[in-house]
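Peer 1: I'd like to ask you about the structure that follows.
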Amino acid sequence: MYRVRMGNATFSVLVAGVGIGRPSLPPDAAEAVAEARVLAAGKRLLDAFSDHPAEKIPLTGPLSAVLDRLAERHAAGFRVAVLADGDPLYFGIGRTLLTRFAPGDLRFIPNVTAVAAMAARLGRPFDDIPAVSLHGRDDHGPLFRALMRRGQAAVYTDAVHTPQALARAVLDRGGPDFALHVFENMGLADEKYTRLDLAAPLPDTAFSPLNMVFVERASPPETVLTLGLSASSLSRDDGVFTKAPVRAAALALLRIVPADTVWDLGAGTGSVALEAARLCPEGGVFAVEKDLGRFNHLVKNIRRTGALTVTPVHAAMPEALHTLPDPDRIFLGGGLSRAPHILPAVAARLAPHGRIVVAATLLDTLEQTRDFFTANHWSHQTTHIQAATETPLATHTRLIPDNPVFLVAGERDETRGEGFAPSPHPSPTRGTQSPWTPE
């Protein structure tokens, strides 16, 4: 929402980019800045204009108070200029200013961005390089989404998301098949370039706070991430994983959309989580597995397929839920026969109109799941999957049947009931650590 116009029809607020490194203004911007009565910028830029006679307003938090001061000066008829590194409308102050001023009250003058300067130094076109800003964020989700989609990303860092922190995060999630290009102090006399190969030890030396990082995949994933992953493409040492026909049906019943947050609970080696990541490239998947052996396979499979938006969580249920963001979709791969209280616990976290799909191989699990959905007025549907796989037999071929699986899909409808009825099958282990494991 825009505020009403501030009443100054004489001057627009000038918002000019100064490029990278030493401030450099186009002639029309330089003339307007010279006439400004109020100058707002970050500390580094204000220092560069220390001899300017205008009133100086640092762009520091909280920005709401800064915007109030700028709006007051503008309404009073002063010429106001705001200076920004790079281009103010490209990961800059321009977006914030547009929340306070109407577009007609602002005059934008673009300049060279850090991404463009970095691409020029690398000698690469940058129209297909996704740019990610981690300023003020508490996770690396945007970086992982970009790397999974395109295998490369230009990253605006901050004091927390330093080049070393990025390198460790990418190494932990994606393995050593990545490289980081760090550009420090671009456009200044002490400009420096460093390439970090994640297959080698990381340096201990700190980088300049004024840096831009380009992350790229150095070699392609071992396995193409696609729907219908073959069993042979997954790292595993047992037969406990969701078979392809059940996986396909479960993902269809979940109805995942691109920006969804998905929980795969009892993820095992990750077959469902990996394919779910293919369906929600703008969201994320949290794969929870308590068995250490299967969890290690899960981590390997994330690296093997490049499914970087899958966050592996080594924890027991329901303790693991507390640190996870609320989900839009939940897949429960089994274990409710031993810990039936898990279903109401996870259902309480589901977004309105979210969906849960429970895979049941036992009739008791099927019954308790349907009873829960009915008691809580959720719409639900049961699908029975009975598949068989072609297998050689001497010189002939036969079909080997998989275990039958019931998939119970429930949808949370806020208009049909409130709260959650207690489980009709109380758990003998309620209040203790859950023995919940995949079936």
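Peer 1: Residues that are buried (at least 18 other Cβ atoms within 10 Å of the Cβ) and on the phi < 0 side of the Ramachandran plot: does the stretch 187-195 have at least one?
Peer 2: no
Peer 1: Let me ask something additional. If VAL115 meets every condition in (1) surrounded by fewer than 20 Cβ atoms within 10 Å (Cβ to Cβ); (2) closer than 23 Å to ARG137 by Cα apart from one, which number is that one?
Peer 2: Against the list (1) surrounded by fewer than 20 Cβ atoms within 10 Å (Cβ to Cβ); (2) closer than 23 Å to ARG137 by Cα, VAL115 comes up short only on (1).
Peer 1: Quick check on my filter: what residues within the stretch 279-302 are touching a helix residue (DSSP H, G or I) at 6+ places or on another chain (Cβ under 9 Å) and basic (Lys, Arg)?
Peer 2: Correct list: LYS290 only.
Peer 1: Another one. Within the stretch 158-175, how many residues turn out to be under 11 Å from LEU198 (Cβ atoms), of a type outside the set (Asp, Glu) and open to solvent by 40 Å² or more (accessible area, probe 1.4 Å)?
Peer 2: 2
Peer 1: Report, by residue number, each residue of the stretch 114-156 that is without any contact (Cβ under 8 Å) to a residue 12 or more places away in the chain and more than 20 Å from GLY19 (Cα to Cα).
Peer 2: The answer is ASP138, ASP139, PRO142.
Peer 1: What single numbered condition from (1) modelled with pLDDT under 95; (2) surrounded by 22 or more Cβ atoms within 10 Å (Cβ to Cβ) fails to hold for VAL155?
Peer 2: (1)
The values are calculated or read from the model by the stated rules, or taken from the named source; none is laboratory data. Keep in mind it's a predicted model, so treat the numbers as computed, not measured. Heads up, the Cβs are rebuilt from the backbone with ideal geometry, glycines too, and the neighbour counts pull from every protein chain shown. These accessible areas exclude ligands, DNA and RNA; they are computed on the full protein's heavy atoms, side chains included. Shrake-Rupley method; radii C 1.70, N 1.55, O 1.52, S 1.80 Å.
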